[in-house]
Amino acid sequence: MSRPSPGRFRLQAPPNLDAEHGLDLLRTMVRIRRFEERCVELYSAAKIRGFLHLYIGEEAIATGVMAAIDLDDAAVSTYREHGHAIAKGIGTDVIMAEMLGKVDGVSRGRGGSMHLFDAATRFYGGNAIVAGGIPLAVGLALADKLQGHDRVTVCFFGEGAVDEGAFHESINLASLWNLPVLFACENNHYSMGMALTRAEAQTDLALKAASYAVPAWRVDGMDVLAVEEATRKAVTAIRGGEGPVFIEYETYRFRAHSMYDPDLYRDPDEVAAWKQRDPIPALASLLTELGHLDEDGLATIEAEADAEIDVAVTFAESSPLEPLDDLERFVVSEVTP
Amino acid sequence: MTATDATTRPTPETVRMTLREAHKQSLRAALDHDERVFLMGEDIGAYGGCFAVTMGLLDEYGPERIRDTPLSEIAIVGTAIGAAMNGMRPIAEIMTCNFSLLAMDQIINNAATLLHMSGGQFNVPVVIRTTAGAGRQLAAQHSHSFEPYFAHVPGIRVVSLATHADARGVLAPALEDPDPVILFEYPRLMTMEAEVPVDPDIVDLSSAAIRRPGSDVTVVTYGATQHTVLDAAEALAADGIDAEVIDLRSLRPLDDATVFASVARTHRAVVVEEAWRTVGLGAEVAARIAEEAFYDLDAPVARIGCAEVPLPYAKHLEDAAIPQVESIVAEVRRVMHRG
Ligand SMILES: Cc1ncc(C[n+]2csc(CCOP(=O)(O)OP(=O)(O)O)c2C)c(N)n1
């Protein structure tokens, strides 16, 4: 059902694809992939603990979406947010320190993999309650509108979040009040072990969103250029005051739900078929065909990513732990009014 | 088994199993015993349960009785309540009590109140299974202990299952109960093994259990923390302090009698829980001891709970936030004036 159509996966080059921009997109996707591959190693070494939800396979979405928004636009994410955080511009060093529970981590080691937050880049967090971030995103957008800010809030969530009441209440409100929200639904076809077709009576997610009078599109989430283009169009409309847009980015997670998941519910052939649509080689091939990239160029991009992650790991390992005396800080605000 | 087998090879009196297996066996027994029983919840079927408790049940009992649901906590619990009111015996599962907050409206405003609001006409024989507890570095949206939230509410029964005997002996009477029962399970104990009788004993749903008899001080606790308390009791014993450890088990109603009788013998009480200390079950137990057993006390009741902080990811912070053997030992020694 969720098997992609067979045949070689080729991206279409937009007429005026800028070489440097294409390479930037590739760099970001490779950085995310390498970051997470290193996280798996660190998890096996018991340096990262708790849950670890990998984004491997889905990198084109974070990369294309963030390329289409402005620096001071906000993002709200889920527990599967390493890719969103990196693409939003948070340093891999402070993210890695967070993964290791260190005080220099973006959330001072209090959040871990699932709870990356960064005020500087307006990254409003990994939320680990499914659909828990969606109302929050609507509120951020409401405040922007009330204060006359020309800013957009992007809200990432999985298709599983569409099962929850919070999604429906929130998208209705955003539409009713014409708020600047992009509902970015990453449909990887499974919420833990639950296939979309087993969870939803109506599996056309865009149709559901459209029932709230919200423009709703479906995009190939493995094609970073298509992701960027669709998102740009949506963000232009949203910024222009036309209200929220819903985009379903169709994708697949190449790994299990988390490190705890034995992944007993997916057909290995289905996983293999989707891996043929890996967004990274797809973009690399296109850039190669266009003459913007060769083997050396790709090797350099990969080596640079590896070097960056080495630095991040060294930074994280040498960062101290939060002093125990500070355990009860950040429960109430420390700023006095 | 053939007749000869039965006579020549006596059935072993005990078997060894994990707590996870104990939970699963009791679900199986419930499904076998009563065809009105069915399970519903997120990822209980194809995935095998988020803590693998229901692994294999979908194959054994089929999708009508092992119902995978969408991510819809309100609908899971609300639907189970409706089905329970209309002749079925649903067992609804909410993966962790952190997500049960979404379903709290159904639990409190429907399950707990319908009997009363309807003047006694509609009882709600639903069972809700959920989990609680920290210790796995899952941070502030996956680690909390919300047993006291539920224990606050008249109209529901709350039971915590942290031993093999309770995992195997509580579900059957919970399903017999005409009213809603919330069962707490503990992920960090799932792989704990024990030797258990082949045939489980039924547990009295309203009773506490003395897990370790002792004469010097009563330590009242519940849930996974009791195993930490038992370790602390051994450490104290080596130091000449003989602690009696009581597992409340039934968090609503509370078995005061067992607690008071113990305090009458030991004259000292410490309450230990993993939920936040403020307005926790420990506060309730301490208040009841103060109300009913004040003159038995030789020292003020002491309480240990979770530090007043959402649980952090970093291990050293998480460990420091929740009760540990050392903090329990120190508090008991203080109460014994040995600090
Ligand atoms: C309210 C709530 N219910 C259940 C869970 C447990 N859980 C965590 S992730 C997940 C699957 C979510 O799937 P989806 O939204 O499609 O996102 P994906 O993990 O595929 O990225 C579930 C059931 C949770 N965290 N919060």
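Only the coordinates and a few stated rules stand behind these numbers; no lab work does. Remember, predicted model here, so these are calculated numbers, not experimental data. Ideal geometry is used to build each Cβ from the backbone, glycine not excepted, and the neighbour counts take in all protein chains shown.
With the requirement that a residue be more than 11 Å from the ligand (Cβ to nearest atom) and among the aliphatic types (A, V, I, L, M), what does region B:85-102 give you? Residues satisfying the conditions are B:Met85, B:Met88, B:Ile91, B:Ala92.
When the residues of region B:92-108 are filtered to those that are away from chain A (no Cβ under 11 Å) and over 20 Å from B:Gly133 (Cβ atoms), which remaining residue is surrounded by the fewest Cβ atoms within 10 Å (Cβ to Cβ)? For region B:92-108, the residue satisfying everything is B:Ile108. Pairs meeting the criteria (first residue in region A:189-212 and within 9 Å of chain B (Cβ to nearest Cβ) and within 19 Å of B:Met95 (Cα to Cα), second residue buried (at least 18 other Cβ atoms within 10 Å of the Cβ) and aromatic (Phe, Trp, Tyr), beta carbons under 6 Å, at least 6 apart or on different chains) are A:Met192/B:Tyr47; A:Gly193/A:Tyr265; A:Gly193/B:Tyr47.
Name the one entry in A:Gly112, A:Gly160, A:Gly125 that is within 14 Å of another protein chain (Cβ to nearest Cβ), within 11 Å of the ligand (Cβ to nearest atom) and among the small types (Gly, Ala, Ser). Quick ask: steps written out before the conclusion?
On the way: A:Gly112 fails: within 11 Å of the ligand (Cβ to nearest atom); A:Gly125 fails: within 11 Å of the ligand (Cβ to nearest atom).
After ruling out the rest, the residue left standing is A:Gly160.
Looking for something away from every other protein chain (no Cβ under 14 Å), outside any loop (DSSP other than H, G, I, E, B) and hydroxyl-bearing (Ser, Thr, Tyr) - is there at least one such residue anywhere in region A:223-246? Yes; the residues of region A:223-246 include at least one that is away from every other protein chain (no Cβ under 14 Å), outside any loop (DSSP other than H, G, I, E, B) and hydroxyl-bearing (Ser, Thr, Tyr).
Screening B:Leu281 with (1) more than 27 Å from B:Ala134 (Cα to Cα); (2) in contact with a Pro (Cβ under 6 Å, 6 or more places away or on another chain) gives one miss only, at (1).
Where residues in region B:131-163 are β-branched (Val, Ile, Thr) and in contact with an Asp or Glu (Cβ under 8 Å, 6 or more places away or on another chain), which of them is farthest from B:Ser207 (Cα to Cα)? Checking each candidate, the answer is B:Thr131.
Determine whether region A:271-283 contains at least one residue that is more than 16 Å from the ligand (Cβ to nearest atom), at positive phi and away from chain B (no Cβ under 14 Å). So far as region A:271-283 goes, no, none of its residues is more than 16 Å from the ligand (Cβ to nearest atom), at positive phi and away from chain B (no Cβ under 14 Å). Listed by position, the helices (runs of 4 or more DSSP H) inside region A:34-119 whose residues that are closer than 23 Å to B:Leu317 by Cα number at least 2 are A:92-99. In this structure, A:Arg277 qualifies as buried (at least 20 other Cβ atoms within 10 Å of the Cβ), within 29 Å of A:Val154 (Cβ to Cβ), under 19 Å from the mean Cα position of the chain (by Cα) and of a type in the set (Lys, Arg). For region B:65-76, the set of residues classified as closer than 16 Å to B:Asp43 by Cβ and either under 23 Å from the mean Cα position of the chain (by Cα) or part of a helix (DSSP H, G or I) (or both) consists of B:Ile66, B:Glu73, B:Ala75, B:Ile76, listed by residue number.
In summary, A:His292 fulfils each of the numbered conditions (1) in contact with a Leu (Cβ under 9 Å, 6 or more places away or on another chain); (2) within 14 Å of chain B (Cβ to nearest Cβ); (3) surrounded by 13 or more Cβ atoms within 10 Å (Cβ to Cβ) with the single exception of condition (2).
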